[in-house]
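First up is the structure itself, then whatever we jot down about it.
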Amino acid sequence: MKEVRVRFPPSPTGYLHIGGARTALYNWLFAKKHGGKLVLRIEDTDAERSTQESIEGILDSLKWLGLDWDEGPYFQTDFAEDHIKAANRLIETGHAYKCFCTKEELDAKREAALAAKKDIKYDGTCRNLTPEQIAEKESQNIPYVVRFKTPKKDGVVIYDDKVLGKISRAYKDIEDFVIVRSNGKPLYLLCNVVDDIRDRISHIIRGQDHMSNTTRQVLLYQALGAEVPIFAHMPLTLDLKKAKISKRSHGEIVAVHFYRNHGFLPWALCNFLVQLGWSTSDNREFFSNEELIQAFSLERINKANSIFNYRKGDPKFFTDPKAINMNGHYLRTMPIEEIGELVKKEFIEEGIWDDAYDHDRKEWYLKTLDMIRDRFFTLKDFASQGRAFFADDFDIDPKALKKNLRKHPDLKEWLPQLADRFEALADFTKDEAERVAREFAEEMNVKPGIPINGSRAVITGQIKGPSMFEVFEIIGKERVVARLRDAPKYFNE
Ligand code: GLU
């Protein structure tokens, strides 16, 4: 294979959404796999809709995802001269022509063709103007657009798509499309090709929504005497109603920053995204960075559209459950030191970080994170569900309050009694705590689960969690005793 050079060319008109991130990821994986280069190009030609804020947001999201690039960011507007030169060259070589038809003329022709149920494509009026006619119109300053001269032969444009196989379109179905507007500005379709030629792009991996451009772009490559790159059109991602996912109809849930703000691990999101349109033959779900690079291939990109399984309004699943589960998997299996660094940021934000966690309490900090992460799905869970391990101002889950505490009114007295017994222990280990708690339950003639789950409610605020004996030990005698003694207040509220 020749040198692999791919590109990610976002238009900076909003945030990076998960569809764009998936495109970037596929290109990144392909470049990494083949020792190639990924070029980042900001397609800011649409000056009215492009913003600096969007550029910064896109770069930020790419960096967060870990999708680094080898060249760029280049800015399309910096190459405006190249685009104009290319258009002029197409005119000189007879592949394009100036079209002086006015909007009114074109509208009238279109309407007539529609009424007669005839072809509404441009009829080629200016295709064969003589040099004298052109000079005459130019001397009168009549505005013109530049149109590509689609071959009039019976042939077809053809390219071999890496995902979809042979794609062809008859010349007769392709209008003489505009490549330069009457204000002298080249159209995106042309700029995109000129930039890809200059950047020596070997493979274009992009969404199927761009396919309507591709056949026309193949004509442009040929007319500019450039080698046509290899195309791979990725399937689209649809919602459960089979509509394309979009910022407009789905809001922030499609934004990469949404996942960042909801405590996602970047690699977990990449793993989720890669599988929206690609899979291995054994449908493997979890990959390390290196494994995914090795496993990825254009040939295994699906032809069919993928589904983003998200039901609006389901509070349990604030996004596709597969994404949440995937995040949970990486959260539980990642080296705990890495989790420690990520959670540190969360804790600082929440005001519950203690510098000792970086020094003499580091071991305790990491051990605690490791113990509680088993039930967690996002980084946010550490400071919410796990708050009681690190701070005294935590809330008690109303379900825990109802089911594990108030349902057993005796606990109002029992838990402070248990506190006294714990306090008397010289060595407050999990084994000792277990012995004392079980003995206590036996004396009171109840199942051990009753004082234990009651303790869990007041000590961790949760209805479920890791083994309570381990929790006693990790939270420590002083705080366990204080919280158990505080139990009666929850019966008075
Ligand atoms: N700027 C285009 C977009 O954001 C990219 C088109 C392409 O990949 O060729 O959709």
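The values are calculated or read from the model by the stated rules, or taken from the named source; none is laboratory data. As the structure is a computational prediction, the values presented were derived from the model and not from experiment. Every residue, glycine among them, receives a Cβ derived from its backbone with ideal geometry; neighbour counts consider all protein chains shown. In case anyone asks, the SASA skips ligands and DNA or RNA and just uses the protein heavy atoms, side chains included. Shrake-Rupley method; radii C 1.70, N 1.55, O 1.52, S 1.80 Å.
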Relative packing of peptides 239-247, 167-175 - highest average C-beta neighbours within 10 Å first:
167-175, 239-247
Please report the spacing between the Cα centers of the stretch 1-17 and the stretch 417-493 in Å, no decimals.
56 Å
For the chain, give me every cysteine whose Cβ has no other Cys Cβ within less than 4.7 Å, ordered by residue number.
C101, C191, C270
Work out the length of the dipole vector of the stretch 256-407 about its Cα centre, built from +1 on the beta-carbon of each Lys and Arg and -1 on the beta-carbon of each Asp and Glu, and round it to the nearest 20 debye.
1020 debye
Of the accessible area of the chain, with the probe set at 1.4 angstrom, what percent is carbon plus sulfur?
49 percent
Linear extension gain, T51 paired with E132, 0.36 nm per residue minus alpha-carbon span:
24.8 nm
By a straight-distance test (C-alpha under 12 Å), which aspartates and glutamates pair with K447 as possible cross-link partners, with residues fewer than eight away in the same chain excluded?
E439
For E175 and R200, extending 7 Å from Cα along the Cα-Cβ vector and measuring point to point gives, in nm, a value of 3.7 nm
Lys/Arg Cβ at +1, Asp/Glu Cβ at -1, dipole of the stretch 315-357 taken about the Cα centre: which of I336, F318, I348 is farthest positive-ward?
F318
Rounded to the nearest whole Å², what accessible area per residue is found for the chain with the 1.4 Å probe?
50 Å²
Cα centroid separation, the stretch 294-326 to the stretch 176-234 (Å):
30 Å
If unit charges are put on Cβ atoms (+1 for Lys and Arg, -1 for Asp and Glu) and the dipole of the chain is taken about its Cα centre, the option from I142, P409, A86 lying farthest towards the positive end turns out to be I142
Debye-sum result for the stretch 390-493 in log10 I(q)/I(0), which assumes one identical scatterer on each alpha carbon, at q = 0.11, 0.12, 0.14, 0.15 Å⁻¹:
-0.27, -0.32, -0.45, -0.52
Loop-located GluC sites (Glu not before Pro) in the stretch 262-334, at most 16 other Cβ atoms within 10 Å (DSSP)
E285
Straight-line reach from K153: which lysines have a Cα under 17 Å away, not including same-chain ones fewer than 8 places off?
K121, K172
Cross-link candidates for K367: which lysines have Cα within less than 19 Å, leaving aside residues fewer than 8 places away along the same chain?
K344, K345, K380, K430, K464, K477
For the stretch 309-357, what is the convex hull (Cα atoms) projected area averaged across all directions, in square nanometres?
4.5 nm²
Given charges of +1 on the Cβ of Lys and Arg and -1 on the Cβ of Asp and Glu, with all other atoms neutral, how large is the dipole of the stretch 210-324 about its Cα centre, in debye to the nearest 20?
640 debye
Output for the stretch 310-371: trypsin sites (Lys or Arg not before Pro) sitting in coil per DSSP, at most 15 other Cβ within 10 Å, listed by number, reads R311, K312, K316, R361
By what distance, in whole Å, do the Cα atoms of the chain stretch along each of the three principal axes, largest value first?
109, 48, 40
Assigned charges on the beta-carbon of Lys, Arg, Asp, Glu; the stretch 12-171 dipole about Cα centre (debye):
940 debye
Considering the options T102, L65, F75, tell which one lies farthest towards the positive end of the dipole of the stretch 43-136, charges being +1 on Lys and Arg and -1 on Asp and Glu at the Cβ, about the Cα centre.
T102
Taking each pair of different alpha-carbon atoms in the stretch 20-130 once, compute 1/r for the pair, average those values, and report the inverse of that mean as the Kirkwood hydrodynamic radius in Å to one decimal.
18.2 Å
Considering only protein heavy atoms, what is the solvent-accessible area of I84 at a probe of 1.4 Å, reported in Å² to the nearest 10?
80 Å²
The answer for trypsin sites (Lys or Arg not before Pro) in the stretch 435-493 that fall in a DSSP coil and have at most 15 neighbouring Cβ atoms within 10 Å is K464
Could you state the angle between the C-alpha long axis of helix 362-372 and the longest principal axis of the C-alpha atoms of the chain, as a value from 0 to 90 degrees rounded to the nearest 10?
80 degrees
